[in-house]
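J.: Next up is a structure, given as structure tokens.
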Amino acid sequence: AGARVAALRVRGVVAAARGDAQAARALLADAQAAAPEAPQLEAALTDFARARLCMTAGERREAVRWLRQARSLFVRLGTAPFTARCDRHLVDLGVHRGSGDDPLDLTAQERAVARLAARGLSNPEISRQLFISRKTVETHLGRVFAKLGLHSRRELAGALGPEP
């Protein structure tokens with residue numbers, strides 16, 4: 001499965017380099033579909049290739065999503081050079097970097113607020129549950145959206161992944 005994913009990814013990257021974005025998208029989508037059966041490195045490299053294609057097409061939001069997904073896998077695999085490449089691209093896309101060990105670079109408070117918002121709680125409800133002001137909830141959500149490249153609460157659950 002790993003060889004198939006790698007071959008599809010490389011063909012997609014070549015198609016993108018030749019200017020055939022439609023073929024590149026199809027090939028990378030096929031690679032992505034086969035990636036769960038392949039080694040995680042292949043999945044991460046495929047996510048990274050998809051991010052690069054989105055960046056080239058000016059699709060910032062999608063590029064950020066794929067870069068974050070690739071970065072998360074690279075961190076788990078301990079592949080620092082690839083993690084650093086993702087970080088550079090995220091900075092280029094205007095995504096602010098945090099300083100923690102969280103692959104999404106959210107502080108503990110930002111993550112707590114984001115999780116509650118993703119569950120559908122309103123700002124006043126989050127404020128009461130976490131014993132913080134409504135303004136603090138708004139500030140944290142604003143930072144979360146900026147860091148993750150999101151624009152709505154509906155997108156939060158997918159970006160945060162499963163709860164621990």
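The values are calculated or read from the model by the stated rules, or taken from the named source; none is laboratory data. These numbers were taken from a predicted model, which means no experiment stands behind them. Neighbour counts are summed over all protein chains in view; Cβ atoms, including those assigned to glycine, are modelled from backbone coordinates with ideal geometry. Calculation scope for accessible area: heavy atoms of the full protein, side chains included, ligands and nucleic acids excluded. Shrake-Rupley method; radii C 1.70, N 1.55, O 1.52, S 1.80 Å.
J.: Can you report the number of residues in region 136-153 which are closer than 18 Å to Ala63 by Cα, aliphatic (A, V, I, L, M) and either touching a Cys at 6+ places or on another chain (Cβ under 7 Å) or buried (at least 18 other Cβ atoms within 10 Å of the Cβ) (or both)?
T.: Selection size over region 136-153: 3.
J.: Additional query: Can you tell me which of (1) more than 23 Å from Ala51 (Cβ to Cβ); (2) among the basic types (Lys, Arg); (3) at pLDDT below 90 is the one Arg143 doesn't meet?
T.: So the condition that Arg143 fails would be (1).
J.: Within region 15-35, take every residue that is open to solvent by 60 Å² or more (accessible area, probe 1.4 Å) and out of contact with any helix residue (DSSP H, G or I) (no Cβ under 7 Å at 6 or more places or on another chain) and give me the one that is nearest to Asp87 (Cα to Cα).
T.: Taking the candidates together, the pick is Ala17.
J.: Return the residues of region 116-135 that are within 29 Å of Ala63 (Cα to Cα) and part of a helix (DSSP H, G or I); say none if nothing qualifies.
T.: Matches in region 116-135: Leu116, Ala117, Ala118, Asn123.
J.: When you look at Leu106, is it modelled with pLDDT under 90, assigned to a loop (DSSP other than H, G, I, E, B) and open to solvent by less than 20 Å² (accessible area, probe 1.4 Å), yes or no?
T.: Spelling it out, Leu106 is indeed modelled with pLDDT under 90, assigned to a loop (DSSP other than H, G, I, E, B) and open to solvent by less than 20 Å² (accessible area, probe 1.4 Å).
J.: So how many residues does region 1-53 have that are in contact (Cβ under 8 Å) with a residue 40 or more places away in the chain, closer than 15 Å to Leu73 by Cα and of a type in the set (D, E, K, R)?
T.: So the count comes out to 1.
J.: Ok, one more. May I ask you to verify whether Ala1 is surrounded by fewer than 19 Cβ atoms within 10 Å (Cβ to Cβ), farther than 14 Å from Leu148 by Cβ and out of contact with any helix residue (DSSP H, G or I) (no Cβ under 6 Å at 6 or more places or on another chain)?
T.: no
J.: Right, something else. Looking at this structure, is Ala49 modelled with pLDDT of 90 or more, aliphatic (A, V, I, L, M) and assigned to a helix (DSSP H, G or I)?
T.: For Ala49, the condition - modelled with pLDDT of 90 or more, aliphatic (A, V, I, L, M) and assigned to a helix (DSSP H, G or I) - is met.
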